[in-house]
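Worksheet: one structure, shown below.
Throughout, read-outs are computed from the coordinates displayed, never taken from laboratory work. None of these values were measured; they are calculated from a predicted model. Because the Cβ atoms are built from the backbone with ideal geometry, glycine has one as well, and the counts that use them run over all protein chains shown.
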Amino acid sequence: MSYVDEVIESVVKKNPGEPEFHQAVREVLESLKPVVDANEEKYRKEALLERLVEPERVIMFRVPWVDDNGNVQVNKGYRVQFNSAIGPYKGGLRFHPSVYLGIIKFLGFEQIFKNSLTGLPIGGGKGGSDFDPKGKSDREVMAFCQSFMTELYRHIGADTDVPAGDIGVGAREIGFMFGQYKRIRDAYEGVLTGKGLTYGGSLVRTQATGYGLLYLTEELLKLNGKELAGKTVAVSGAGNVAIYAIEKAYQLGAKPVTCSDSAGWIYDPEGIDLAALKEIKEVKRARLTEYKNYRPNAEYHEGKGVWSVKADVALPCATQNELQLEDAKQLVANGCFAVCEGANMPTTLEATEYLQENGVIFAPGKAANAGGVATSALEMSQNSERLSWSFEEVDAKLQGIMVNICHNMADAAKKYGNEGNYVVGANVAGFEKVAEAMLAQGIC
Ligand SMILES: NC(=O)C1=CN([C@@H]2O[C@H](COP(=O)(O)OP(=O)(O)OC[C@H]3O[C@@H](n4cnc5c(N)ncnc54)[C@H](OP(=O)(O)O)[C@@H]3O)[C@@H](O)[C@H]2O)C=CC1
Ligand SMILES: O=C(O)CCC(=O)C(=O)O
């Protein structure tokens, strides 16, 4: 059995009941085989892969809070500090009822390579809770966030671990958590990113993941002799990533025609009405059923279905494993030629293989959605120097980072004989720096 297969087998055995974590490890390690084969003796001697797949620290805690009826509620809280070889742990917090340890571990593991790809000094971490902010009052969300931070504060810090948002965690939640950290620690520091602009946030962070996704998509299409302008785009999700992906798609001359939430999806052949979408999701925090009030001619369907629409480019921006083999088949049959992942691991392994085998340009999330965390790292830099950069300056840096990621993953794929396989390219390019740093730092 190869070294890679041995480690995958042991991960499955040692981490039972965590299929998303197994999936993420398998995707990364399988594609690293050429690099691992070339360095097997050294890596085995140092147990490099065994250390890579084991988080440096896992923190799990109780989060008690009182709801608006005076009842005590209890949620689970997590922070997985996965790898600090190249910098302080960095990665978002997810508040969603589906959260359990396996989800946080898969996200933390992905984050190691994504953060490395940005070229910035940030390690990999992730956290969250099974708390569902949907339908809760602002006071309930505040009570939860304050309780969550009352435990988390002792494990994080501007130079140790810097959380940010993810599903269910936006500016409101970050604000409540920042306030509580400051109060307990008596320290005004850049301990979270995605902060509001009045208290240390960075311009462009709100837009960064969606914008970055489109910057990378445009560059990757160019590399493949195609262009984004004039193309029809299918987007899933209706949250932070999806909204700003749609905004930048318009700015780059494309036409986004779909979006979705966990209840249903919209097909608007005239192009998604961005102002309506922002009002429904960012202001009213309402369901997509409301979209018909703004655009009576658009279609609303319950359940899943975004990938059945005819589109040139698909941008999954909702959640893990939302694009499955049957969806991939529909996309290919409808002439889709590029899939770039805005969400983390939205495409199953079988669907990814099918898309690649059918000549679809496929950009994995750890490269395509790295603009969010990259801009978070720019927020950390601004906090450290106690300065704020202009929108244009941060946006230009973001664009430069995404273009670099695109070329680095394409070059790495080519170097290891897998030209055009950007899954291999992104994993190899992200891994090489982390591996070198881990080897240089000894057994730790
Ligand atoms: N925010 C960021 O900077 C970054 C986010 N990502 C990834 O992008 C994805 C989206 O995150 P973000 O936009 O921030 O999150 P949001 O919470 O802002 O939006 C998530 C969207 O996806 C939908 N969704 C979430 N879970 C499910 C589910 N189980 N089934 C169907 N739909 C679902 C939500 O619908 P509903 O409202 O009905 O729940 C919502 O429309 C995630 O995979 C996240 O990890 C990656 C890099 C950075
Ligand atoms: O901005 C960050 O620190 C993290 C963003 C994130 O959660 C992600 O990249 O998946």
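Quick notes
- Relative contact order of the chain: 15 percent, from C-alpha pairs under 8 Å at least 6 residues apart in sequence.
- Amide hydrogen neighbours beyond the local backbone of ARG287, cut-off 5 Å, H modeled: none
- Residues of region 246-274 falling in the label zone of ASN297, defined by backbone nitrogen less than 12 Å from a point 7 Å along Cα to beta-carbon, are 268-271.
- Translational diffusion of region 205-365, estimated by Stokes-Einstein from the Kirkwood radius over alpha carbon pairs at 10 °C in a medium of 1.306 mPa s, is 104 µm² per second.
- Listed residue (GLY239, VAL309, GLY425) projecting farthest to the positive dipole end of the chain, Cβ model: GLY239
- Cα centroids of region 303-355 and region 171-206: 35 Å apart.
- Given charges at beta-carbon only (K, R positive; D, E negative), |dipole| of the chain in Debye: 840 debye
- For ALA363, the residues whose amide H sits under 5 Å from its own are VAL339, CYS340, GLU341, ignoring neighbours fewer than 5 places away on the same chain, with H placed 1.01 Å from N.
- The chain shape via C-alpha gyration tensor axes, a/c threshold 1.5: rounded
- Panel order for SER308, SER84, by other beta carbons found within 10 Å of each beta carbon, from fewest to most: SER308, SER84.
- Residue of ASP130, ASP261, ASP138 that the Gaussian network model of the chain assigns the largest fluctuation, springs spanning Cα pairs under 10 Å: ASP138
- Linear extension gain, LYS134 paired with GLU46, 0.36 nm per residue minus alpha-carbon span: 27.1 nm
- Net dipole in debye of region 205-365 [+1 Lys, Arg Cβ; -1 Asp, Glu Cβ; about Cα centre; nearest 20]: 400 debye
- Using the Cβ-Cβ distance between TYR100 and LEU349 with R0 set to 22 Å, the FRET efficiency from 1/(1 + (r/R0)^6) comes to roughly 0.60.
- Karplus 3J(HN,Hα) series, Hz, for region 260-270 with 6.51 cos²θ - 1.76 cosθ + 1.60 (x for Gly, Pro): 7, 10, 6, 9, x, 9, 10, 10, 10, x, 7
- Short-range pairs are left out: with C-alpha atoms under 8 Å and at least six residues apart, the relative contact order of region 205-365 is 21 percent.
- Charged-residue dipole, Cβ positions (Lys, Arg, Asp, Glu), region 317-381 about Cα centre, Debye nearest 20: 160 debye
- Of all lysines in the structure, the ones whose alpha carbon falls short of 26 Å from that of LYS284, not counting any fewer than 8 places away in one chain, are LYS134, LYS136, LYS195, LYS248, LYS255, LYS292, LYS304.
- What separates the Cα centres of region 105-120 and region 208-234 is a distance of 22 Å.
- Mean residue ellipticity, 222 nm, helices only, the chain: the sum of -39500 (n - 2.57) across DSSP H runs of n ≥ 4, divided by residue count and rounded to 500, is -14500 deg cm²/dmol.
- ASP5-ALA396 FRET efficiency (beta carbon distance; Förster radius 41 Å; 0.05 resolution): 0.40
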